[in-house]
Structure formats: C-alpha cells, structure tokens
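Undergrad: Just passing along the structure, written as structure tokens.
What follows draws every value from the coordinates through simple rules; no lab data is involved. Computed from a prediction, not measured in an experiment: that's the story for all the values here.
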Amino acid sequence: MTFLELKQIFEIQRKFDRQRGWNTYENCKTPEEIADFVEHFVVVMVEELGELSRARKQFLRDNQGLDMNALRHELVDIYVYFMQACMAINMDLEKEFLRKKKLDENRFSRR
C-alpha cells in the first residue's frame, strides 16, 4: 500500500483540476473573489452533505442496506471541495491543523 503526503494529494488534485478547467480557485486574488468562491463552496458542500444524508435516510427510514460505497464516494467529494477551498485561500492545511490542534489541546485540557 502506498501512502501519499498531504501536499502530494493537494498537488494531484490541483493538476486534475487544471486539466479540466476546474481550477477557478487559483484565480482568487481579491477578497471579493475569495468571497465568491466561498459562496460556491458552501453550495457544493450543502449538496454533498445532502447526498450523504440521503444515504443515511435510505438506511434508517427506508430499511435499505447501508451503501458504504456511496458514503465513501460522498466523503471523498467533500474532501475534494474542502481541498479546493484551502487552495483558494492559499492555506497550508497541515500547518493550520497543527496550530488548531495545539489550541484545542490547551482549550480542552483535562483538569
């Protein structure tokens, strides 16, 4: 099994997006452009979360089997959109995760 570094995953996605013209996040230079992208991000995330919720509902309400492949598919879609949002604001996800983790450790330390 091959493991990729987070930066490699982002680069693979960026290359894929560029090949298809889906890299509009790379053009986010002004606060207005970033705000427009964030609006797009919120819409697609709501759509993907709705699809995830539908899979759950089909299992719980409709007594259908839990479609693990559908869950995986939707979670990866959410991850892709999340990466694009990070790239829109030039966010170093690893650095920000570690910074936030430290804040949370201090905030939620066991007393």
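Undergrad: Checking the table Lys7/Lys102; Lys15/Lys101; Lys57/Lys101; Lys57/Lys100 against a 26 Å threshold on Cα-Cα, which pairs fail?
TA: Lys15/Lys101; Lys57/Lys101; Lys57/Lys100
Undergrad: Please report, in cubic angstrom per residue, the volume enclosed by the convex hull of the alpha-carbon atoms of the chain.
TA: Enclosed volume per residue, from the Cα hull, is 182 Å³.
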